[in-house]
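Here's the structure we're looking at; comments come further down.
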Amino acid sequence: MKNVVLETHNLRKEFGDVVAVDGISFPVYEGEVFGFLGPNGSGKTTTISMALGLIHPTAGSVELFGERVTPGHTAPLKRVGALVGTALVPYMSGRDNLALLARLYAEVGKERIEELLARVNLTHAADRPVKGYSTGMKQRLGLAAALLHEPALLILDEPTNGLDPAGMAEIRNLIRSLADEGITVFLSSHLLHEVEQVCDRVAVLKQGQVVAQGPVASLIGGEQQTVVRLRVSSPAAAQTALQALPEVSHIKTNGAYVEVTGAPSETLVAYLVGKGIVPGEVTTESSDLESVFLGLTK
Amino acid sequence: MDDLDENLKSPISNLPKEITMFLQMLSIEQKKLSKRTMLWVEIGIMALIMVGMNLLLYAVSQTSLSQSAAVEVEGAASVTSQIVWPGSVGNSLGIATGMATFLLVILTGALTAQEYQWNSYQLLLSRGVPRPVVLIAKFLVIMVAGLLLVVTALLAGAGITALFSQSLNGAIPFAELNWGRVALGTLLAAYSLLPYAALTFLLAVLTRSAVASIGVGLAYTTLIESLAMQGLAFLGGSWATVAQYLPAGLTQSLSAVGNRVAVSAPAADLSGMLSPERAAVAIALYTLIFVGLAIVAFRRQDLSE
């Protein structure tokens, strides 16, 4: 059994009448890349901010390395590196920003700063003030800052925001290589392709609640997530008929087709034929994380 | 990068963890302040004002001296005493207190509130630095900025008036200055800025806005407090005593002592003022209360983007 590095218990946050996070619980295990998925406004950043002791939970708790974290007790965060937004000192250069933070860590020296600047491909701009950086450059500098003290847990909130496709691929590779080095990574993103490529497990957030969590493979695999497309003469009639099948989880019409998830194609065809509707064409399509996500957060 | 090695290898790691972290935070805040253009602009403004005011007084004294009327010669002598040592040094400290108050209110509001906009508090807090440590380190650095402003005023004022002393009296009378009192006066002038800095600090934390905190801070300093002082003095009796406890009244008490920098200076006339000891304690209380409230508010705040 792997150690739990980060765990939330019924975490809840209200801003006035708005419930931003609604009783969520999930564990993040040592050494894994954990994806935290959700549409904009689903509560991802609020959850991360509570984990980082920046926001007071209304109820519930967050534990890091087995120790509770609150805005008044943030000692466990010394083993965490975080990238949340573009939190930097804008009038200082990229190199000076890293040197500034290095003052918190006796073990971090000039070589480490240069190594990280090179790793995030910012050596050429290291002496320019950060206020002149593009969003992508700020993201990369923020990532370097998060890695400065070789944290045991890396918390990344939308790390590829503002990056071009090449930059996004670089960050993905970097995340994977960090995981290979044994660093636990908590990756919040709405970019499903990115999460699918690098994450071992995910939690999907919708309106402040976790609607699914587990290994990526189990979320996107299996009958439940296979889409069966049936071409029929009357899609509306077929849709109505199929709604009676208990195992069908999602159904929609698409032109001359009915798209169904949750049941195998054989069952669907036999059922429709029994209802006097004979499909002219049947295809199946294994779902990816995107279709799972869309299904869950619709 | 030159200072990086020196700062990173500072031998503070043998101290208890809490003290180490506090010293690290002080070092971070000091570095942030030293890289801040606004500080150097304010120091430049302070120096220019001191030089400009003394040049103006010099011009006035020279114009008056060129007149023949005896009364004007007497007036010119009075002005001249303020632009030559030792009188000019005490005068510089008096001007420094007033000017530095405005400049420090602006600097405090900007240094404290803009970090909310930049999310740079989050940068430190998400690394396990306790919230009170962040704010206390910041306020201590603001105190140093206040001292820098006063020292700048003193150096600029004393520097230009040293030239006037040489020009008008043929010598710079170093022996007429009590250097211990100059040092004490400088510290008292910087100390008397603390309630204003602490008030602006509190406002910046409460409003998270540089404009609001500086605006209210300056309004208090320039208008509200002087109106209150005048109103309370007008009412007389115990109300006038209350006025002595306002920061401006406390500053007057400390200035009366701190600006006596000449060897031959008469004893301070403290009539209608608090004793300097009481004033110093009251300033400490104001500062502790405002900074304490700022810490309480900061600890309760949600710091999201």
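The values are calculated or read from the model by the stated rules, or taken from the named source; none is laboratory data. Note that the structure is a prediction, hence the values are computed from the model and not measured. With ideal geometry, Cβ positions are generated from the backbone for all residues, glycine too; neighbour counts draw on all protein chains shown.
For the reader, a short list of remarks on this structure follows.
- Qualifying residue in segment B:202-222 (condition: β-branched (Val, Ile, Thr) and over 30 Å from B:PRO132 (Cβ atoms)): yes
- Answer residue from segment A:50-86, given it is modelled with pLDDT under 95 and crowded, with 24+ Cβ neighbours inside 10 Å and is farthest from the other protein chains (Cβ to nearest Cβ) among those: A:LEU83
- Looking only at segment B:248-305, residues that are under 30 Å from A:ALA82 (Cα atoms), touching a Ser or Thr at 6+ places or on another chain (Cβ under 9 Å), touching a residue at least 60 places away in the same chain (Cβ under 8 Å) and crowded, with 18+ Cβ neighbours inside 10 Å come to 2 in all.
- Meets criteria (out of contact with any Pro (no Cβ under 9 Å at 6 or more places or on another chain), closer than 25 Å to B:GLY94 by Cα and surrounded by 19 or more Cβ atoms within 10 Å (Cβ to Cβ)) for B:LEU232: yes
- Counting only helices (runs of 4 or more DSSP H) wholly contained in segment B:95-210, the ones carrying 3 or more residues that are surrounded by fewer than 18 Cβ atoms within 10 Å (Cβ to Cβ) and without any contact (Cβ under 8 Å) to a residue 40 or more places away in the chain occupy B:131-169, B:179-191.
- Residues (at the interface with chain B (Cβ under 7 Å from one of its Cβ atoms) and small (Gly, Ala, Ser)) located in segment A:25-49: A:SER49
- Yes/no for B:ALA212 being modelled with pLDDT of 90 or more, within 14 Å of another protein chain (Cβ to nearest Cβ) and in contact with a helix residue (DSSP H, G or I) (Cβ under 9 Å, 6 or more places away or on another chain): no
- Complete set of residues in segment A:98-126 that are in contact (Cβ under 8 Å) with a residue 24 or more places away in the chain, within 10 Å of another protein chain (Cβ to nearest Cβ), out of contact with any helix residue (DSSP H, G or I) (no Cβ under 6 Å at 6 or more places or on another chain) and not aromatic (Phe, Trp, Tyr): A:GLU107, A:ARG112
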